[in-house]
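Below is one structure, written out as structure tokens; comments come after it.
Rule-based calculations on the coordinates, nothing more; no lab input. Computed from a prediction, not measured in an experiment: that's the story for all the values here. Cβ: placed from backbone, ideal geometry, glycine included. Neighbour counts: every protein chain shown.
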Amino acid sequence: MEKILVISFKHACFLEQYSDDKKLKAPSINNLNIALLKPKRLTGTYIDEDYTDAYIKKRLHYKNIITAADITKNPSRYMVVLNFWYFSDLIDLKPKNGLYIHSLSEPFNEEMEISYDRMKNWLQHFDIEFYQSHCSGHINGDNLKELITTIHPKKLYPIHTEHPELFQKLPIKTTMIKEGKTYKL
């Protein structure tokens, strides 16, 4: 059985923007395999008056909104996207035999370590199995040099780098970026 992907109202905002761009081929927010998790707010219920955030109010009429109570009726039917800020929803979701895939980098500073430990405590409390799976998209210098040399682009524009001048040593036509200038590709 296909699972229904359950996302937050904030995720819905992004998905709507992505699906507007036809090149991305992102699914529509109305896709039958996507649902929005309606969180409890002020009164601890699901009455519409509890929702004061514009991004939620604007979407309360969507047909694919579900609650934690809906999910608990048949939990194996759903895959719920929860980030750290939504872990309190676990209280209402009451997961059993769940697993959590953490797809962010591991902590590399004190603040991140505190959040990471807090997340692990939530998961341990609900006896949820934890998996770490993340790819940052960053590459080390030697591998980047090999990649550029293999691809051999016609032109190279170094961005998102601390040392753009190092790219000028490569046998590739390199254009150094100036902030505020427009480049035609």
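The table below lists the values:
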item: Lone unmet requirement of (1) exposed (fewer than 10 other Cβ atoms within 10 Å of the Cβ); (2) under 28 Å from LEU36 (Cα atoms) for TRP122; result: (1)
item: Qualifying residue in region 98-109 (condition: surrounded by 14 or more Cβ atoms within 10 Å (Cβ to Cβ) and among the aromatic types (Phe, Trp, Tyr)); result: yes
item: Test: ASP89 is surrounded by 14 or more Cβ atoms within 10 Å (Cβ to Cβ) and either more than 20 Å from the chain's Cα centre (by Cα) or on the phi > 0 side of the Ramachandran plot (or both); result: no
item: Test: residue in region 5-14 that is closer than 21 Å to TYR78 by Cβ, of a type outside the set (A, V, I, L, M), surrounded by 12 or more Cβ atoms within 10 Å (Cβ to Cβ) and touching a Leu at 6+ places or on another chain (Cβ under 7 Å); result: yes
item: Selection count, region 29-50, where residues are under 16 Å from PHE9 (Cβ atoms) and among the small types (Gly, Ala, Ser); result: 1
item: Test: residue in region 93-100 that is closer than 30 Å to THR45 by Cβ and touching a Gly at 6+ places or on another chain (Cβ under 9 Å); result: no
item: Candidate set from region 38-74 (those that are surrounded by 13 or more Cβ atoms within 10 Å (Cβ to Cβ) and of a type in the set (Ser, Thr, Tyr)); member that is nearest to SER28 (Cα to Cα); result: TYR62
